[in-house]
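Enquirer: Please find one structure pasted underneath; my questions will follow.
The values are calculated or read from the model by the stated rules, or taken from the named source; none is laboratory data. Keep in mind the model is a prediction, meaning the values are calculated, not measured. So basically every Cβ, Gly included, is an ideal-geometry build from the backbone, and we count neighbours across all protein chains shown. We work out accessible area using only protein heavy atoms, side chains counted, and drop any ligands, DNA or RNA first. Shrake-Rupley method; radii C 1.70, N 1.55, O 1.52, S 1.80 Å.
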Amino acid sequence: MAAAAEEKTVVLVVDDDGDIRMALEMMLQYEGFEVWTARDGQEALARLERELDAGRRPAAVLTDVKMPKLDGLGLLERIVQRAEGSDPAGRPAVIMISGHGDVATAVDAVRRGAADFIEKPLDQNRVLVSLRHALRARRLERENVALREALSGRWQLVGESAPMRALKEQVTRVASSEIAVLITGENGTGKEVVARQIHLQSPRAASAFVTVNCAAIPAELIESELFGHEKGSFTGASERRVGHFELAHKGTLFLDEIGDMPLAAQAKVLRALETHEIARVGGSRSIPVDIRVVAATNADLAQAVEEKTFRMDLFYRLNVLPLRVPPLRERREDLPVLVEHFLREIAQRAGRTPRSLEPDALELLSRQDFPGNVRQLKNLLEAASVLADGPAIRAADLEQILESGPALASAPGVALPDGSDPFAAATFEQFKDQSEALFFRRKLGENSGNIKRTAEQLGMQRSHLYKKLDRYGLR
């Protein structure tokens, strides 16, 4: 019976009229809903805060327009604001209840994001029809988001070689389970694409996919990023922050570059995975989280365990089912289909007809080592698409890039995709930005796109280098 109760759809009823609250509560409970009630918007927000701390949220809110303290419009605005930037499709559907004199206000509320409005006196059938329609619309919205991602070329596993067919079969098998997955592979092989496919093919596809790059977050901030923090818990914590674990509730949390996570954070991640609970930094309450964790690394975690830079218990907790993404040199037969896929994707972003690749250009590509793997191939084709004069990319176009050194061919991302000369910059600030972008691009190329090695060579913290790469579109 307890399990059935947990599956009930939750509706929050907000009205300062006790008789209306009671009538709606009785009606909705009879129809199988779980009902929370509040007397005004302020009390409703407090209830939402408490329930969110416990990992629960309503699917819909029925709220009166005219109320003391915080009215229905104010409540709607707060609900919409809180959902922006995290999970807009996951916010509750808000249905406004209005008196005869409030119809214009209720119509305005629909423009601001309310799902519907119902006039008083309330009709039971009208309430139920509106509620079920709003719930169905929100569910379809989330499913559409997942479907759009699934159909987009960005997260496709491209290739029909034997290693790729085996990987696709493994992804399909593990996606339907809740088992922890550790994805290994060299830089640029497409580990995030594999993680996305696991999510998109799983029962959690309609919920959030949250990515955490463990190497890009400074050690002193990683616990706050992962678990959130309470207001005033440390210097600079001016307001409460919801962490990535909470944002991924009911969905998938992708821990990229897990081998770079500090040991102190590893211990807390392990506890969260074992107990399915977290506590925000500076908080004492345990918050339930229902997530599936997928981790990825290009490091040898078994060796890291021996060197005591990675916890053995966390390694075995994550490494329940390892998936290895093959490097490009092990699936050269996929080169033609990868080229076609990337040229189509590049052209779609630029809003033009895809370029083709002349046979001599494809033959030239087949002789390359591609230490930067699929990412390097994509960047090479992107640069060639800029330089090529005609509708087809020639071997000479590729040679021009390859002869300029590994910077253009190997670095993740493409700086100055328009081929502009930094010395033609209009201002000194533009010149500095373009020159800095070229510098980081070349250094990445010299290190075959290896961010850790590049940061060590430059004497920079990896988190600082990641910020630079994000700024200049080099990732």
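Enquirer: Of the residues Ser233, Ser202, which single one is open to solvent by 20 Å² or more (accessible area, probe 1.4 Å), in a loop (DSSP other than H, G, I, E, B) and either more than 30 Å from Gly449 (Cα to Cα) or of a type in the set (A, V, I, L, M, F, W, C) (or both)?
Expert: Every option except Ser233 fails the conditions.
Enquirer: Scanning for something open to solvent by less than 40 Å² (accessible area, probe 1.4 Å) and over 21 Å from the mean Cα position of the chain (by Cα), does the stretch 247-258 turn up at least one residue?
Expert: Checking the stretch 247-258: not a single residue is open to solvent by less than 40 Å² (accessible area, probe 1.4 Å) and over 21 Å from the mean Cα position of the chain (by Cα).
Enquirer: If only one of Val194, Val294 is assigned to a strand (DSSP E or B), modelled with pLDDT of 95 or more and among the aliphatic types (A, V, I, L, M), which one is it?
Expert: Every option except Val294 fails the conditions.
Enquirer: Further, regarding this structure: With the structure loaded, tell me whether Gln303 is part of a helix (DSSP H, G or I), among the polar types (S, T, N, Q) and open to solvent by 20 Å² or more (accessible area, probe 1.4 Å) or whether it fails that test.
Expert: yes
Enquirer: Name the pairs: first residue in the stretch 276-303 and touching a residue at least 40 places away in the same chain (Cβ under 8 Å), second residue of a type in the set (Phe, Trp, Tyr) and open to solvent by 70 Å² or more (accessible area, probe 1.4 Å), Cβ to Cβ under 9 Å, at least 6 apart or on different chains?
Expert: Filtered contacts from the stretch 276-303: Val281/Phe234; Gly282/Phe234.
Enquirer: So, of the residues in the stretch 128-144 that are of a type outside the set (Lys, Arg) and over 23 Å from Glu77 (Cβ atoms), which turns out to be least open to solvent (accessible area, probe 1.4 Å)?
Expert: Within the stretch 128-144, the match that is least open to solvent (accessible area, probe 1.4 Å) is Leu128.
Enquirer: Across the stretch 332-368, what is the number of residues that are touching a Leu at 6+ places or on another chain (Cβ under 9 Å) and of a type outside the set (A, V, I, L, M)?
Expert: Looking only at that region, the number is 9.
Enquirer: If we scan the stretch 238-245, do we find a residue that is under 14 Å from the mean Cα position of the chain (by Cα) and within 30 Å of Pro163 (Cβ to Cβ)?
Expert: Among the residues of the stretch 238-245, not one is under 14 Å from the mean Cα position of the chain (by Cα) and within 30 Å of Pro163 (Cβ to Cβ), which makes the answer no.
Enquirer: Still on this structure, I have one more. Looking at the stretch 274-291 only, could you name the residues that are surrounded by fewer than 19 Cβ atoms within 10 Å (Cβ to Cβ) and either over 22 Å from the mean Cα position of the chain (by Cα) or outside any loop (DSSP other than H, G, I, E, B) (or both)?
Expert: Glu274, Thr275, Glu277, Gly282, Gly283, Ser284, Arg285, Ser286, Pro288
Enquirer: Further question on the same structure: Answer yes or no: is there a residue in the stretch 166-178 that is open to solvent by less than 50 Å² (accessible area, probe 1.4 Å), assigned to a loop (DSSP other than H, G, I, E, B) and either in contact with a His (Cβ under 8 Å, 6 or more places away or on another chain) or modelled with pLDDT under 80 (or both).
Expert: For the stretch 166-178, residues open to solvent by less than 50 Å² (accessible area, probe 1.4 Å), assigned to a loop (DSSP other than H, G, I, E, B) and either in contact with a His (Cβ under 8 Å, 6 or more places away or on another chain) or modelled with pLDDT under 80 (or both): absent.
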